Amino acid sequence: MVRTVATAGRREWLGLAVLVLPVLLVSVTVTVLYFALPFLSADLMPTGSQLLWIVDIYAFLLAGLLITMGALGDRIGRRKLLLIGAAAFGVTSVIAAYAPNAESLIVARALQGAAAASLMPPTLALIRDMFRDPRQRRMAVAVWAAGFAGGSVLGPIVGGRLLEHFWWGSVFLINVPVMVLLLVLGPIVLPEYRDPRPWRFDLPSAALSLAAVLPTVYGIKQFAVDGLGLQALLGVVAGSVFCVAFLRRQRTLPTPMLDLGLFAGRGFTVSLIASTLAVFALVGLFYFVAQYLQMVLGLRPFVAGLLTLPAAGTALAGSMLAAVIAQRVRPGHIIGGGMTLVAGGFLVMSGIEVDSERWPLIGGLLLLGTGIGAVQATASDMIVAVAPPERAGSASAIMEAATELGGALGVAILGSIGLAVYGERLTATGPALPPEYAEAARETLGGAVEVAARIPGEAGAALLDVARSAFTDGMHLAALLGAACMALTALLTVLLLRPVRVDTSTADGGAE
């Protein structure tokens, strides 16, 4: 007997548009602040340590609370958690915009990260609830994935434009009207879903998950900045210890916060790894692209942001194409093909020189965006499709936590490789500098640009030429290693997912 599956109507597609709003904003908020740093630094006068915390505390809390929020949404209701998160995100955005000093901005950013963690898991889980037909679900997830990837690219454009006309707080205030719209439309067009057999919330599990993620992400970020030092090592080790304790507790609970049985499925685990590596590639490469456009080519932030726009457009195209061909092509082949395109984008970027035309850059971004869009859409759909309906929020949270980890690893690993090459090349071929300038110039390209502006005459120009060339050399090596990693992942994905085909609808149950 063939069981018919209800198809989504106008209300569900309008609901999808509403669900994309928080995903887009949360993703934009991660990158938009970078362009506001010089302006808020002049206004609030933070110390170097405070400035780092203003940037990082948001991502720390977002990553650390995702698993807890995903499980909480399954228990109390996904729509309810989404609306609570929307209200909190709007309020904390206002607090951040009008922060009178660095300390209050750090607190506001921490609260904003916690609110963002409550926004993300319900969005993908609600898509699973609203779109029961497999073809419609794949298309809806593709739109969600495109919004997530596109937000990271749109952040620099939005930030650059706002800061040309308004004060630094405007990058936070843009969140408010969007959150108000979500609060108004959410109760109208979004269904509610909760686990029909609610479980007891385990506070120790929530604390252990936070303790596992926070020091790990902190250690990775320290590694990206200072290399393998004591703080980076202690952070990763502490996070690993708490992670083991968290997993051991999940095995002993009758209703665990994290269902470890999800990882037994090949489709779930391989898709999770592929999604993590796709974000690893995107964030790792954009770490170089943003600096290359502004400090090598000398473009304004807004113009630099516009040149990254092709990646957002092709991410949407790649997501939609993946959803269409998934009816005929196995998911492992789609993810493998997307990874191959990402590898091709890395290879094109590895050929860019200091005085290159912009077309190789745009071509590389086109390949990169298309591949990542296809990978994210397909992997996200597989992750929510294979999870039980009552655990869809937890499964979504796992994927999004892995995504945050992938982004941190992208900057830490590829960024460190590029910086190591940059420092070596600058030391070997750069002009002799006074001791007070030499260390700053060797650490980053931004430091070299600042030093060059203070050194008069031909010495400053020579330093700038060598620094730009050294930075481009570092970008070359990082791109080549990224291409090799993506190509290997493409091959393994095709082999491991060859027998897997996801074409089942979600089961009914628990919807209101």
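The values are calculated or read from the model by the stated rules, or taken from the named source; none is laboratory data. Predicted model, so just to flag it, every value in this text is computed and none were measured. Neighbour counts are summed over all protein chains in view; Cβ atoms, including those assigned to glycine, are modelled from backbone coordinates with ideal geometry. For the accessible areas, the whole protein counts, side chains as well, though only heavy atoms, and no ligand, DNA or RNA atoms are used. Shrake-Rupley method; radii C 1.70, N 1.55, O 1.52, S 1.80 Å.
Brief remarks follow.
- Residue match in segment 436-448 (condition: closer than 30 Å to PRO388 by Cβ and modelled with pLDDT of 75 or more): no
- Close Cβ contacts (under 6 Å, 6 or more residues apart or on different chains) running from residues in segment 334-359 that are more than 18 Å from THR493 (Cβ to Cβ) and open to solvent by less than 20 Å² (accessible area, probe 1.4 Å) to residues that are at pLDDT 85 or above and not hydrophobic (A, V, I, L, M, F, W, C) comprise MET349/GLY364.
- Flag for GLU192 being at pLDDT below 80 and either out of contact with any helix residue (DSSP H, G or I) (no Cβ under 7 Å at 6 or more places or on another chain) or surrounded by fewer than 19 Cβ atoms within 10 Å (Cβ to Cβ) (or both): no
- In the condition set (1) of a type in the set (A, V, I, L, M, F, W, C); (2) open to solvent by less than 10 Å² (accessible area, probe 1.4 Å); (3) over 30 Å from ASP465 (Cβ atoms); (4) within 19 Å of the chain's Cα centre (by Cα), LEU368 is compliant with all but (3).
- Looking only at residues in segment 308-333 that are open to solvent by less than 40 Å² (accessible area, probe 1.4 Å) and among the polar types (S, T, N, Q), the one that is nearest to GLY265 (Cα to Cα) is SER319.
- Within segment 278-307, restricting attention to residues that are under 16 Å from the mean Cα position of the chain (by Cα) and open to solvent by 10 Å² or more (accessible area, probe 1.4 Å), the residue that is farthest from CYS485 (Cα to Cα) is ALA290.
- In segment 374-383 there is no residue that is among the acidic types (Asp, Glu), open to solvent by 20 Å² or more (accessible area, probe 1.4 Å) and touching a residue at least 12 places away in the same chain (Cβ under 8 Å).
- Restricted to segment 437-488, and to residues there that are among the polar types (S, T, N, Q) and part of a helix (DSSP H, G or I), the residue that is most open to solvent (accessible area, probe 1.4 Å) is SER469.
- Filter result for GLU424 (assigned to a helix (DSSP H, G or I), among the acidic types (Asp, Glu) and either at pLDDT below 80 or open to solvent by less than 20 Å² (accessible area, probe 1.4 Å) (or both)): no
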